[in-house]
Every structure is written in C-alpha cells, then in structure tokens.
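Below: the structure, in structure tokens.
The values are calculated or read from the model by the stated rules, or taken from the named source; none is laboratory data. Note that the structure is predicted; figures quoted are calculated from it, not measured. Every residue, glycine among them, receives a Cβ derived from its backbone with ideal geometry; neighbour counts consider all protein chains shown.
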Amino acid sequence: MFDPSSTPRVFAVPPGADFPKALVEGLRARNAAFPPEALARVQLVVNTRRMDRRVRELFDQGPACLLPRLSLVTDLGESADLAQVPPAIPPLRRRLELTQLVAKLLEQQPDLAARSSLFDLSDSLAALIDEMQGEGVSPDAIRHLDVSDMSGHWARAQDFIGIADQFIDAGADTLDAQARQRQVVKTLIARWQIAPPQHPVILAGSTGSRGTTLMLMKAVARLPQGALILPGYDFDQPDHVWHRLDDALTSEDHPQFRFRKLMTELEIQPGQIKRWTDDEPPSPARNRLISLTLRPAPITDAWMSEGPQLTDLDAATKDLTLVEAQSPRAEALAIALRLRQAAEAGQTAALITPDRMLTRQVSAALDRWDILPDDSAGLPLQLSPPGRFLRHVAGLFARRLEGEALLTLLKHPLCHDGGDRGAHLLHTRDLELDLRRHGPPFPDRPSLTGFAIRKEVPEVWMNWLAALFCDQQVTGELHLSDWVARLRNLAEAISAGNTGETGTLWDKNAGQKALAVLTALEMEAQHGGSMTAHDFADLLGALLAGEEVRDRDAPHPYIMIWGTLEARVQGADLLILGGLNEGSWPEAAAPDPWLNRQMRDKAGLLLPERRIGLSAHDFQQAVGAPEVWLTRATRSDDAETVPSRWLNRLTNLLLGLPGQGGPAALTDMSTRGDQWLRWSEQLEAAPEITAAPRPSPRPPVAARPRRLSVTEIKRLIRDPYAIYAKHVLRLRPLDPLVQAPDALLRGIVIHEILEHFVKDSVLDTALLTRDNFLKRAETLLDQHVAWPTARKLWLARLERIADDFLHAEAARRGDGGPVAFEAAMKLVLAPLDFTIAGRADRIDRNSRGALRIVDYKTGAPPTESQQSKFDKQLLIEAAMAEQGGIDGMDPMSVAEAVFIGMGGTYKEVAAPLTKEPPDKVLAELKELVSAYLEPDQGFTSRRMLHKDTDIGDYDHLARFGEWDRTGETTPEDLK
C-alpha cells in the first residue's frame with residue numbers, strides 16, 4: 001500500500017476538511033489498484049468510538065468493499081496475543097480506595113482541607129495518578145523535584161501525593177486503566193521490534209496529546225507499512241514558526257504544538273508530512289487567515305510581515321458570520337433562528353460549544369418550532385429522573401425528614417408508579433395541604449397517623465408511607481455495602497408503591513444507566529469502608545454526575561449539538577461556534593493545588609495549558625468548515641465578558657489589514673450577524689400591555705364583612721384591600737411548605753412561655769425567679785421548637801432580658817396581679833351591627849380595682865404615635881373592656897394598657913389612654929367601620945403602609961409593581 005521509506009510515514013488532513021470522509025476516500029484511492037482483499041488486510045486504529053462509528057457508516061454508504069480491520073487505541077489490549085496483560089482495576093474500586101486513604105489523612109491533619117472536600121481531593125489525586133501512569137512519570141520524579149522556594153507547602157502536598165505511591169508501584173497484577181494501556185503498548189512495541197507486521201497499520205485521528213498514545217504513534221510510523229494520519233494539520237504554517245514551538249512552557253496552548261512535538265520525536269521536518277488526499281479544504285483562503293491569526297504569542301510580529309500577503313480576505317470571510325449579542329439569551333435566540341432556517345432548507349447544521357448552559361437555551365428556543373436537536377452530550381445522569389430520585393432517597397438517610405423532602409419524593413414521577421398512582425397523587429395533595437396548615441416541620445409517624453385519621457386516608461397507603469419515609473435517618477457510620485443495599489431496597493420499595501407491583505425505576509435508558517452505576521457500586525462496595533450518610537450521599541451524587549444518558553426521542557436529522565470532541569469526527573454544512581468567550585471557550589485551566597507549571601514540566605507531566613491547546617486545535621479545525629458562525633455574548637450576569645483569545649486575534653488582525661480590506665470584511669461579518677440579531681429581537685417583541693391601575697374595589701354592602709378581629713383594624717387602616725381579599729373574596733394565603741423558626745413561631749412560643757410562667761407564679765410569688773423562668777422557657781422551647789439552633793438562640797435572648805422582665809413583673813405584682821389569660825373579648829358596635837372580637841394576652845387588676853391590659857410583643861412594640869394613628873389594638877381593647885366586652889367580666893375602667901417587648905431587649909410601651917380615651921377611640925372606630933359600610937367606599941390597596949418595602953399577602957393579586965403608592969386609585973363597583 002505504501003512505498004518503502006527510510007523516514008517515518010506521516011500524512012495529514014488540513015483544517016476544515018471532514019476528517020473521517022477524507023480518511024475513507026484516501027483508503028479507497030490507495031487500494032483501488034489492488035485486489036479487494038487488500039483493503040481487508042489494512043489495520044486501521046482510530047482514537048474514539050465516534051470515529052469508529054463514522055468510518056463504518058462512510059464505508060457502508062458504498063461502493064461495496066471489504067472493510068479494513070478497525071479497532072480503537074484503547075482496545076489493543078483486548079487482542080488474543082496480548083491476553084497475558086492482566087485486566088485493569090475498575091476505576092470505581094481505585095476511587096473508593098483513594099477516598100478511604102484521603103479520609104484518614106484528613107482525620108490526622110484536619111487543617112489540610114475541609115471534610116466536605118473529601119471527594120474532590122480524591123478525584124484530583126485519581127487524576128494525578130492517571131496522568132503519571134499515562135505519561136510514564138514515576139513517584140521518584142515528583143519526590144525529587146527542586147522545591148526549595150516552597151518547602152512549607154510542598155511538605156503538606158507530599159503527604160497527600162504520597163498516597164499515590166502505593167498504587168503506582170503496586171505491581172503488574174493491580175494495574176489501573178492507564179497503567180495497563182501503557183503496558184499493552186510497550187508489549188506491542190516490543191513484539192513489533194522482533195517481528196514487525198508486514199500488512200498496513202494506520203493510526204488515524206490522534207494528536208498524540210498523551211504520552212502513551214505518542215509512544216504508540218512513534219512505533220506505528222516506523223513500521224514497514226505503518227502510517228499516521230493527523231487531523232487538522234496546518235499546511236500553511238511556515239517552517240520558522242514550527243521551530244518556535246519547541247518550548248512547552250510558551251507553546252503548549254498553540255493548536256499545532258502536539259504535531260511539533262511529534263515531529264521532534266520522529267526526527268522529521270514539517271515538509272515531510274504529506275497530504276492524505278489531494279482534495280482542497282472548503283476554504284483554503286480562510287485556512288491561511290486562521291493560520292496567521294493563531295501564530296504563537298512570541299512571534300505575532302509575523303502579522304506585520306505576512307499580513308500584507310493575504311490578498312483574498314473577501315473569499316476567506318465570505319461564509320463567516322460574527323454574532324456579538326447583548327446577552328446569552330439573545331445569542332441563543334439568534335443561533336436557534338439560524339438552525340431553524342437550516343432545518344427548513346435541509347441543510348445540516350451543528351452548534352459546537354463547551355457551554356452547556358448555551359446549549360440548553362438554544363434547545364429551549366428551538367422547542368417553539370418543535371425542533372429537537374440531536375444533542376451528543378445528552379443529560380447528566382444526576383439530573384435525569386432516576387438520578388434525582390436516587391439522590392432524594394439517599395438524602396433520607398442524612399437528615400431528619402422534612403415536609404419538603406417528603407413531598408419532593410412523593411410527587412416524583414417514579415414514586416409509587418407500580419400501580420394506582422392516581423390515588424397516590426390525590427393522597428399526596430391532601431397531605432401537602434395538611435402539612436402546610438398544621439405542620440409539623442419534621443413529619444413523623446404520629447403526625448402522619450393524625451393526618452390519615454382526619455382525611456380518612458386508606459390504611460395500606462398510610463402504612464406504606466410511614467414505613468418507608470419515617471425514621472430513615474442514620475446518625476452513625478455504616479459500611480458502604482450496607483448503604484448501597486439500603487438505598488436500593490428503599491428506592492425500589494418507594495418506586496413500587498403499596499400495590500405490590502414493580503415500579504419503573506430501572507426502565508428506559510436513564511433507569512438502566514442508574515442501575516448500572518448502582519450495580520457497579522455494589523460490586524466494589526467491599527473496598528469502600530465505612531462512611532456517614534452525608535459522605536454516602538456525596539459519593540452517590542459524584543458517581544451519578546460522572547455519567548450521561550441519551551434518550552434518542554426522534555431528534556431532527558439535520559440539526560445537531562456537538563461538543564468540541566464530536567466536531568473532530570463529524571461533518572456539517574454549517575458550523576456554529578458558540579460561547580466564544582474566555583472562560584467558556586477556551587475554558588479556564590483548572591488550578592492544580594499540588595504542582596505548579598514549572599514542577600509539572602520538570603516531572604514530565606502535562607501542563608495546564610494542554611486543554612487550551614486542544615481547544616485551540618478544535619477551533620482551528622471547525623472554523624475551516626464551509627460555512628461558519630462565530631457567536632458570543634458581550635455581557636453575562638450583569639458583567640462584561642472577554643472575547644475568546646482566538647476571536648480577539650481574528651478581529652485584531654482584520655482591523656490591522658486596511659490595505660487588503662480587512663476592516664470591511666470584518667464589518668460584513670458583523671453586519672450579517674446583526675441582521676440575525678434584529679430578526680431574533682422580533683421573536684421577543686411583545687405588544688405593550690397597559691399597566692394595571694391601583695385597585696379600590698367596591699363590593700356590595702351585603703358582601704362586606706360584619707366582623708373583624710381587633711388586630712385586623714390596623715390592616716383595615718393601612719391596607720383595606722387585604723380585608724377585601726380575605727373576607728369578601730375569602731382567599732387565604734397558602735402556608736409555606738418549608739417551615740422555619742420564623743417570627744410567627746417565636747411569637748407563639750414566647751407567649752406560651754410567659755403565660756405558663758406567670759400562671760405558675762400567681763399563687764406563689766416565690767416562683768418569680770430567673771431559674772424558674774429559664775427552666776420553663778427551656779422546657780417549652782424543647783416541646784414546640786424542632787430546630788436546635790433556634791432553641792439555643794431564643795433561649796439566649798430570654799436569658800439576656802430575664803432580669804429586666806422579672807424586675808418589671810415584680811413591680812406589677814406590687815400593684816395587683818393577673819386575673820385572666822387569653823381572655824376572649826367581643827363588642828357589637830351599635831347601630832352598625834358590626835362585631836369586633838379579640839383576645840387579650842393578659843389582664844391584671846390593680847389595687848384600686850381597675851384593669852391593666854397587657855400584650856406581649858416579640859418584635860418592636862408600636863410607639864405611642866403609631867398607636868394613636870394605626871396600631872390601635874390596645875386602645876380598642878381598653879374601650880371594649882370599659883363597655884363590658886371581656887367575656888365573664890362586667891364593665892370596668894382601664895387604668896393602663898401596655899405592650900411588653902420581649903425582643904432583643906426588654907421594653908415597655910404604654911398605650912396613650914390619656915390622649916386617646918376609650919370614648920374617643922370607640923367613636924373613631926365606629927366612624928371607620930361606618931365608612932367601609934358605605935357603597936361608595938372602596939377597599940384601596942396599600943392605602944397607608946408604614947414603609948414601601950412592607951409586603952402584603954395580597955400584593956400579587958392587586959398587581960402591585962405595575963403601580964406604586966403615587967398611583968391614583970381606580971374604584972370599581974362589583975356586583
């Protein structure tokens with residue numbers, strides 16, 4: 001197939017060409033003169049399974065022929081002649097072993113890192129071991145590095161990196177995947193040196209970015225009939241530029257650096273790399289432009305000398321479009337609109353970007369036209385229904401059962417789907433309403449049983465619920481095998497439901513993938529040791545996050561979304577390179593907490609810029625396609641973005657070539673993009689909607705409330721619309737599902753503490769002591785507050801004000817004492833036939849027989865001025881008391897009414913009974929109520945709130961925000 005050669009045989013395909021297609025065409029052309037069986041003797045080694053599939057598809061498209069022997073680089077060890085190399089240790093087993101060792105290290109040195117970083121540290125160590133084995137770096141090479149200027153940090157890092165020694169030098173029977181691959185390649189090369197194969201051996205598609213692969217490429221290139229076929233080789237790059245790429249520290253991020261490294265290893269020159277086929281790339285002029293654009297930073301002065309030679313910029317940029325949108329959403333809409341046009345025209349188009357947020361936005365925009373793109377990346381398993389379900393179930397082990405966690409699982413589509421799911425959802429709805437209204441924040445068996453009795457829920461469903469969801473928290477450590485068994489049994493039981501049928505948890509692609517992860521964890525659990533529930537949940541989440549699942553639901557045949565890896569092996573008429581911003585494409589180099597760039601270079605490890613260089617190579621290949629879009633968003637998250645270094649270079653080079661029409665070409669690129677941005681803006685254009693006016697409904701008098709509580713009078717003054725919504729529309733705000741130790745709960749508990757404590761001391765004033773007060777407080781807090789932190793915080797506040805409260809209470813006892821607690825009050829306002837009702841926290845009688853009304857406040861008590869104008873609770877209660885409105889008491893004069901503030905500090909604020917006597921308060925109350933019983937009086941929203949930032953329960957109903965307090969009211973007569 002190949003002529004004899006004294007030098008290594010290396011071919012290449014230029015950027016922009018469809019590499020698999022060129023590969024197949026070249027093979028057919030070189031074997032056209034040979035018998036059909038000649039092609040079958042060719043051993044073709046490719047670097048990815050996607051490449052393998054694409055090559056097979058191209059051969060299947062005809063004409064008919066015998067296929068070459070296709071294999072992957074990673075599958076070389078599966079051949080019979082290499083069977084003596086032992087199988088690799090499963091990566092999961094190695095990860096579990098590393099996790100245990102790192103956990104022990106963190107226990108010995110807790111200041112090294114937080115426990116929450118356990119799996120991140122384990123992953124970084126696993127990546128380091130993988131890299132050392134792939135590059136052939138021994139532990140001694142790292143141990144003997146010169147670190148004289150960072151000895152303190154290095155000593156700590158050595159403790160961590162030292163864990164890797166026992167795995168790298170563990171022996172031939174315990175090889176990791178990378179170590180085994182390297183051993184396979186070494187064995188294969190040794191055999192080739194003794195008996196080199198005489199049939200053609202071609203290694204295609206690899207750039208030699210990893211040490212083991214580079215070793216194999218060198219051996220293949222020197223075989224009698226061996227050859228390398230490189231993808232995206234820059235034939236336009238001058239020799240002097242190639243020679244400036246020798247220093248990895250300055251050139252690792254260049255797209256052609258790996259090819260220069262290969263040339264150095266093979267001792268060949270750039271001119272000795274030949275074209276695999278004679279076909280020209282889609283745009284040779286553009287390849288020349290991009291080649292000059294991407295010159296390494298130290299020699300970008302070549303722009304000055306070589307730039308004037310670029311005389312065909314019009315041809316180079318004719319099919320280039322530059323889209324610079326104002327936001328990621330605008331970028332996604334423009335891309336989606338172009339993809340839609342491609343779908344209608346039958347043009348194959350692909351969005352290429354590493355930005356998964358952008359791909360999700362584009363997919364969502366395409367959904368409006370019922371276009372489902374073929375997304376090669378799929379969905380992370382942890383975000384799939386089975387992945388989420390398993391993580392929620394694992395969460396039951398780690399913490400007390402909360403209402404939110406319970407309902408999240410009960411509403412999950414995989415919960416109770418074994419049968420009778422409709423009835424299950426009905427019971428779940430009733431349970432949610434009950435939990436919102438009655439609680440508790442942490443459901444348990446007694447509270448769920450009480451719900452079942454109230455709602456008459458079937459006993460079989462109730463028993464299933466209580467058995468599977470209650471008391472699942474595990475506070476200690478269990479062995480990993482026990483955790484996995486618990487998780488699987490519980491997840492399957494929750495999925496099946498109470499009907500005895502099997503659920504669909506493990507069905508479809510996502511379920512099968514989740515089951516495979518769990519099965520692998522079961523098989524390797526013996527190596528996992530003991531761990532807490534939180535550690536197990538973190539481990540499960542990390543394993544699920546490392547897998548992806550694709551559910552091919554009839555995607556569109558012409559519209560694709562690819563990652564940069566897929567772009568190397570696929571071809572399309574239109575390529576859209578999206579998210580071209582620094583940090584996105586290229587992605588920022590991952591920081592290495594253990595080895596800096598110089599240390600990595602000296603040890604023979606890969607530099608952080610390697611990934612940037614690979615991304616640059618992907619960019620150079622993709623930008624040479626027949627038609628290309630370059631897109632970015634100029635702002636993201638209210639901050640300006642930085643354009644990708646490659647896009648920045650391209651625009652700067654074009655702007656610096658006015659003699660060749662560079663600025664005009666760049667303007668044309670942007671003009672084409674701006675046109676699509678304008679069209680996409682029309683998609684978002686919406687007709688102007690008139691803002692809602694400030695409401696002031698006037699319902700019929702018969703529908704207006706005839707009874708209000710004392711505390712609602714304040715709301716009637718400040719926000720009448722809330723009274724209308726509650727009593728006329730009979731709307732009640734839905735209580736939050738996630739209950740928290742909020743101000744409402746604190747007020748209820750403090751009221752109960754004070755009531756019980758004062759009651760106990762009525763007959764025996766000796767109980768008015770700090771110890772008794774705090775003891776009573778602690779008991780009731782433990783009884784009513786389920787959050788330990790809140791209990792301690794609230795008790796500490798009570799301790800701070802206990803002395804002041806007891807001192808003031810003793811003074812009150814010196815002038816009488818309590819006669820009623822939570823006293824019911826009611827007064828009918830004549831002749832309005834309107835009832836005012838309420839409940840006084842506490843009523844005292846002084847030594848002169850007059851009453852003292854006391855109200856406890858856990859927040860700031862209202863000032864005298866606020867009480868005079870708005871917060872008239874105590875003033876109205878005093879008027880009601882003097883009118884005989886206290887249940888069980890005759891009319892009596894009120895000497896005092898006082899708010900007792902039990903917040904951060906103890907405070908008493910008396911009601912201004914002298915300025916606001918009961919007769920005046922009663923008359924004003926009748927006037928207020930009478931006004932709202934008039935047909936022409938509207939219930940204005942937010943009429944007189946204390947602050948603009950105050951939030952009402954019915955602001956959304958009133959469409960507050962479309963108007964503000966300066967807006968005129970719009971009365972509306974209701975029928």
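Any residue in segment 503-522 that is farther than 22 Å from R400 by Cβ, touching a helix residue (DSSP H, G or I) at 6+ places or on another chain (Cβ under 8 Å), assigned to a loop (DSSP other than H, G, I, E, B) and of a type in the set (S, T, Y)?
Yes; the residues of segment 503-522 include at least one that is farther than 22 Å from R400 by Cβ, touching a helix residue (DSSP H, G or I) at 6+ places or on another chain (Cβ under 8 Å), assigned to a loop (DSSP other than H, G, I, E, B) and of a type in the set (S, T, Y).
Tell me, which helices (runs of 4 or more DSSP H) lie completely within segment 527-642 with 3 or more residues that are crowded, with 22+ Cβ neighbours inside 10 Å and outside the structural domain of R56 (by TED's automatic domain parsing)? Write out each step before concluding.
Numbers: elements: 533-545, 564-567, 597-603, 609-622.
Hits in segment 527-642: 533-545, 609-622.
Where in segment 847-958 are there helices (runs of 4 or more DSSP H), lying wholly inside it, with at least 1 residues that are touching a Leu at 6+ places or on another chain (Cβ under 7 Å) and small (G, A, S)?
Details: elements: 864-869, 873-882, 918-931.
Because the criterion is at least 1 residues that are touching a Leu at 6+ places or on another chain (Cβ under 7 Å) and small (G, A, S), the helices (runs of 4 or more DSSP H) in segment 847-958 that meet it are 873-882, 918-931.
If I ask for residues that are polar (S, T, N, Q) and either under 14 Å from L657 (Cα atoms) or within 44 Å of the chain's Cα centre (by Cα) (or both), which ones from segment 274-313 would you list?
To start, the set of residues in segment 274-313 that are polar (S, T, N, Q) comprises 277, 283, 287, 291, 293, 300, 305, 309, 311.
Answer for segment 274-313, where residues must be polar (S, T, N, Q) and either under 14 Å from L657 (Cα atoms) or within 44 Å of the chain's Cα centre (by Cα) (or both): S283, N287, S291, T293, T300, S305, Q309, T311.
Given the options T207, T293, T213, T277, name the one that is touching a Pro at 6+ places or on another chain (Cβ under 8 Å), β-branched (V, I, T) and on the phi < 0 side of the Ramachandran plot.
Values: T293 fails: touching a Pro at 6+ places or on another chain (Cβ under 8 Å); T213 fails: touching a Pro at 6+ places or on another chain (Cβ under 8 Å); T277 fails: touching a Pro at 6+ places or on another chain (Cβ under 8 Å).
Being touching a Pro at 6+ places or on another chain (Cβ under 8 Å), β-branched (V, I, T) and on the phi < 0 side of the Ramachandran plot holds for just one of T207, T293, T213, T277, which is T207.
Identify all residues within segment 30-53 that are under 17 Å from D18 (Cβ atoms) and in contact with a strand residue (DSSP E or B) (Cβ under 9 Å, 6 or more places away or on another chain); write none if there are none. Show your work before the answer.
Our first condition is that a residue be under 17 Å from D18 (Cβ atoms); within segment 30-53, this holds for 44, 46-48, 50-53.
If the condition is that a residue be under 17 Å from D18 (Cβ atoms) and in contact with a strand residue (DSSP E or B) (Cβ under 9 Å, 6 or more places away or on another chain), then L44, V46, N47, T48, M51, D52 are the ones that fit.
Residues of segment 927-944 being closer than 26 Å to E962 by Cα and either under 44 Å from the mean Cα position of the chain (by Cα) or crowded, with 18+ Cβ neighbours inside 10 Å (or both), which ones? Explain how you work it out, then say what you get.
Just the residues of segment 927-944 that are closer than 26 Å to E962 by Cα, to begin with: 932, 936-944.
Y932, G938, F939, T940, S941, R942, R943, M944 - these are the residues of segment 927-944 that are closer than 26 Å to E962 by Cα and either under 44 Å from the mean Cα position of the chain (by Cα) or crowded, with 18+ Cβ neighbours inside 10 Å (or both).
Just to be sure before I move on: is I713 surrounded by 15 or more Cβ atoms within 10 Å (Cβ to Cβ), part of a helix (DSSP H, G or I), modelled with pLDDT of 90 or more and more than 42 Å from the chain's Cα centre (by Cα) in the structure I sent? Quick ask: steps written out before the conclusion?
Numbers: surrounded by 15 or more Cβ atoms within 10 Å (Cβ to Cβ): yes; part of a helix (DSSP H, G or I): yes; modelled with pLDDT of 90 or more: yes; more than 42 Å from the chain's Cα centre (by Cα): yes.
The answer is yes for I713.
Checking D804 against (1) assigned to a helix (DSSP H, G or I); (2) in contact (Cβ under 8 Å) with a residue 24 or more places away in the chain; (3) out of contact with any Ser or Thr (no Cβ under 9 Å at 6 or more places or on another chain): exactly one of these is not met. Which one?
So D804 meets the others, but not (3).
For the subset of segment 421-432 comprising residues that are more than 16 Å from L409 (Cβ to Cβ) and exposed (fewer than 15 other Cβ atoms within 10 Å of the Cβ), which member is modelled with the lowest pLDDT?
Filtering first and then ranking leaves G422.
Quick one: which of G418, G387 is in the same structural domain as W483 (by TED's automatic domain parsing), in contact with a strand residue (DSSP E or B) (Cβ under 9 Å, 6 or more places away or on another chain), crowded, with 20+ Cβ neighbours inside 10 Å and not aliphatic (A, V, I, L, M)? Lay out the reasoning, then the answer.
Values: G418 fails: in contact with a strand residue (DSSP E or B) (Cβ under 9 Å, 6 or more places away or on another chain).
None of the others qualify; the one that does is G387.
Within segment 729-758, which residues are surrounded by 14 or more Cβ atoms within 10 Å (Cβ to Cβ), of a type outside the set (A, V, I, L, M, F, W, C) and either assigned to a helix (DSSP H, G or I) or at pLDDT 90 or above (or both)?
Hits for segment 729-758 are R746, G747, H751, E752, E755, H756.
For segment 262-276, what are the residues that are over 13 Å from Y233 (Cα atoms) and touching a helix residue (DSSP H, G or I) at 6+ places or on another chain (Cβ under 9 Å)?
Narrowing segment 262-276 to residues over 13 Å from Y233 (Cα atoms): 264-269.
Of everything in segment 262-276, those that are over 13 Å from Y233 (Cα atoms) and touching a helix residue (DSSP H, G or I) at 6+ places or on another chain (Cβ under 9 Å) turn out to be E265, L266, I268, Q269.
When K218 is evaluated against the numbered criteria (1) closer than 17 Å to V85 by Cα; (2) in contact (Cβ under 8 Å) with a residue 60 or more places away in the chain; (3) of a type in the set (K, R), which criterion, by number, is the only one it fails?
With respect to (1) closer than 17 Å to V85 by Cα; (2) in contact (Cβ under 8 Å) with a residue 60 or more places away in the chain; (3) of a type in the set (K, R), K218 is out only on (1).
Please verify whether G395 is touching a residue at least 12 places away in the same chain (Cβ under 8 Å), in the same structural domain as V474 (by TED's automatic domain parsing) and among the small types (G, A, S), treating the condition exactly as stated. Even if it seems obvious, please write down each step before you answer.
Details: touching a residue at least 12 places away in the same chain (Cβ under 8 Å): yes; in the same structural domain as V474 (by TED's automatic domain parsing): yes; among the small types (G, A, S): yes.
Judged against the criteria, G395 is a match.
Can P87 be described as within 23 Å of I129 (Cβ to Cβ) and either of a type outside the set (V, I, T) or modelled with pLDDT of 75 or more (or both)?
Details: within 23 Å of I129 (Cβ to Cβ): yes; either of a type outside the set (V, I, T) or modelled with pLDDT of 75 or more (or both): yes.
In short, yes.
State which residue is farthest from L575 (Cα to Cα) when the search covers only segment 249-292 and only residues that are in a loop (DSSP other than H, G, I, E, B) and of a type in the set (S, T, N, Q). Even if it seems obvious, please write down each step before you answer.
Filtering segment 249-292 down to residues in a loop (DSSP other than H, G, I, E, B) leaves 252-256, 267-269, 273, 276-283.
Narrowing further to those that are of a type in the set (S, T, N, Q): 256, 269, 277, 283.
Numbers: Q256: 21, Q269: 32, T277: 23, S283: 14 Å.
Checking each candidate, the answer is Q269.
I need the full set of residues from segment 337-364 which are touching a residue at least 60 places away in the same chain (Cβ under 8 Å) and aliphatic (A, V, I, L, M), in order please. Don't jump to the end; show me each part of the working.
Going residue by residue through segment 337-364, those that are touching a residue at least 60 places away in the same chain (Cβ under 8 Å) are 337-339, 342-343, 346-355, 358-359, 362-363.
Residues satisfying the conditions are L337, L339, A342, A343, A349, A350, L351, I352, L358, V362.
Looking only at segment 39-55, decide whether some residue is assigned by TED's automatic domain parsing to the domain that holds D18, surrounded by fewer than 17 Cβ atoms within 10 Å (Cβ to Cβ), modelled with pLDDT of 90 or more and not in a loop (DSSP other than H, G, I, E, B). Spell out the reasoning first.
Going residue by residue through segment 39-55, those that are assigned by TED's automatic domain parsing to the domain that holds D18 are 39-55.
Adding the requirement that they be surrounded by fewer than 17 Cβ atoms within 10 Å (Cβ to Cβ) leaves 40, 49, 53.
Within this subset, residues satisfying the condition of being modelled with pLDDT of 90 or more are 40.
Keeping just the survivors that are not in a loop (DSSP other than H, G, I, E, B) gives 40.
So far as segment 39-55 goes, yes, one or more of its residues are assigned by TED's automatic domain parsing to the domain that holds D18, surrounded by fewer than 17 Cβ atoms within 10 Å (Cβ to Cβ), modelled with pLDDT of 90 or more and not in a loop (DSSP other than H, G, I, E, B).
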